[in-house]
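Novice: After the structure tokens below, expect a handful of questions from me.
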Amino acid sequence: MMHRDREPQVFALRSGGRILRLAADDGFAASWPRLAPHIPGARSGELTLLDTGDHADLALENGVSPGDARRLINAHLHLLHLGSDTLCAHAVVLCRPDEDGTVVLLGGHGAGKTLVAIALAERGWRPAAGDVALLDVHPAPAVRGGTSAFMARSSAVARWFPQLRLDPSDADRIDLRSRWNDATDPAGGRVLAAVLVAVDGDPSARVGLYTEDTHTAATAWLRASTHLLDRILETSPMVLRLVEDAAAARRRIALVQALAARLPLHAVRGTPQRIASCIEEFTSGSVKGATW
């Protein structure tokens, strides 16, 4: 904890090429390597100490927990990126093996985004965002970066991917990014497809991807874009959604509507492997022809 007679340190936190100036106590730099994988577009080595007199966009209180520090930082990054027409979306992103574009996987908690991502990674796709993606809306939909942590529920992974041979002593949630040569990286590229996934293993489910209507797509993107705001703090009654004022909310909604109009949202359900096959086949066609 910071000594009372010392000024807080001011750091330049880089996220997707943009900078958030952060004032924090002496312990923040030490905790940063553990926080960075859960900050979209950030790398553990990209934290620069500035002069204490520099203006800070966010000041963390003394002794704030690492969890609350992460939540507060991400809420303010939401505003920072929103100002440049970039959405912080709850999504998993993977790059094609030939690196000719990305696929964005959408879905609520428990929908199976990570399971589908694992199935694609086993086929040679490279994870680019494990939970939150930075999605540029203009001039064309593209992934600017994302969170590098690739968290998965060990029980679900053991069920669908026994070949990964998880240790029975593994925690309930594990970080799988090292499984693919530490491939998860805050890089990205043009979006080949956005896919709303639902893993249910139903053998009678509709085969292949189908296109959602624009209103459904806009609603899905709206929900995904509030992910970093739908949080409460451990040590404060503050709701992070209050960080976004009315003007910022209007800007986000305009970006969501533009994205839904320009980038078709496809949906598919089934096993992770079956969904991965559909995505791989669909995006192969997208590389050869039109994406939107």
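Novice: Among the candidates Ala187, Ala121, single out the residue that is closer than 21 Å to Thr102 by Cβ and either modelled with pLDDT under 90 or out of contact with any Leu (no Cβ under 8 Å at 6 or more places or on another chain) (or both).
Specialist: Working: Ala121 fails: either modelled with pLDDT under 90 or out of contact with any Leu (no Cβ under 8 Å at 6 or more places or on another chain) (or both).
On inspection, the qualifying residue turns out to be Ala187.
Novice: Consider segment 124-168. How many of its residues are under 9 Å from the mean Cα position of the chain (by Cα) and among the charged types (D, E, K, R)?
Specialist: 1
Novice: Another one. Has segment 200-213 got any residue that is of a type in the set (A, V, I, L, M), modelled with pLDDT under 95 and touching an Asp or Glu at 6+ places or on another chain (Cβ under 8 Å)? Spell out the reasoning first.
Specialist: Narrowing segment 200-213 to residues of a type in the set (A, V, I, L, M): 205, 207, 209.
Next, only the ones that are modelled with pLDDT under 95 stay: 205, 207, 209.
Subset that is touching an Asp or Glu at 6+ places or on another chain (Cβ under 8 Å): none.
For segment 200-213, residues of a type in the set (A, V, I, L, M), modelled with pLDDT under 95 and touching an Asp or Glu at 6+ places or on another chain (Cβ under 8 Å): absent.
Novice: Right, something else. Looking only at segment 133-176, which residues are of a type in the set (Asp, Glu) and in contact (Cβ under 8 Å) with a residue 60 or more places away in the chain?
Specialist: Within segment 133-176, the first condition is being of a type in the set (Asp, Glu), and the residues that meet it are 136, 167, 170, 172, 175.
Of everything in segment 133-176, just one residue is of a type in the set (Asp, Glu) and in contact (Cβ under 8 Å) with a residue 60 or more places away in the chain, namely Asp175.
Novice: Among the residues of segment 207-244, count how many are crowded, with 17+ Cβ neighbours inside 10 Å and of a type in the set (D, E, K, R).
Specialist: Residues meeting the conditions: 3.
Novice: Step by step: first the residues of segment 251-282, then only those that are in a helix (DSSP H, G or I) and among the basic types (Lys, Arg), then the one that is nearest to His215 (Cα to Cα). Which residue is that? Before you say what the answer is, go through the steps one by one.
Specialist: If we filter segment 251-282 for residues that are in a helix (DSSP H, G or I), which is where we start, we get 251-262, 272-282.
This time we only want the ones that are among the basic types (Lys, Arg), so: 251-252, 262, 274.
Working: Arg251: 18, Arg252: 16, Arg262: 12, Arg274: 27 Å.
The selected residue is Arg262.
Novice: Of the residues Asp167, Asp175, which single one is within 19 Å of Ala36 (Cα to Cα), surrounded by fewer than 24 Cβ atoms within 10 Å (Cβ to Cβ) and out of contact with any helix residue (DSSP H, G or I) (no Cβ under 7 Å at 6 or more places or on another chain)?
Specialist: Residue meeting the stated conditions: Asp175.
The values are calculated or read from the model by the stated rules, or taken from the named source; none is laboratory data. Just so it is clear, the model here is predicted, and its values are computed rather than measured. Glycine also receives a Cβ, built like all others from the backbone with ideal geometry; neighbour counts cover every protein chain displayed.
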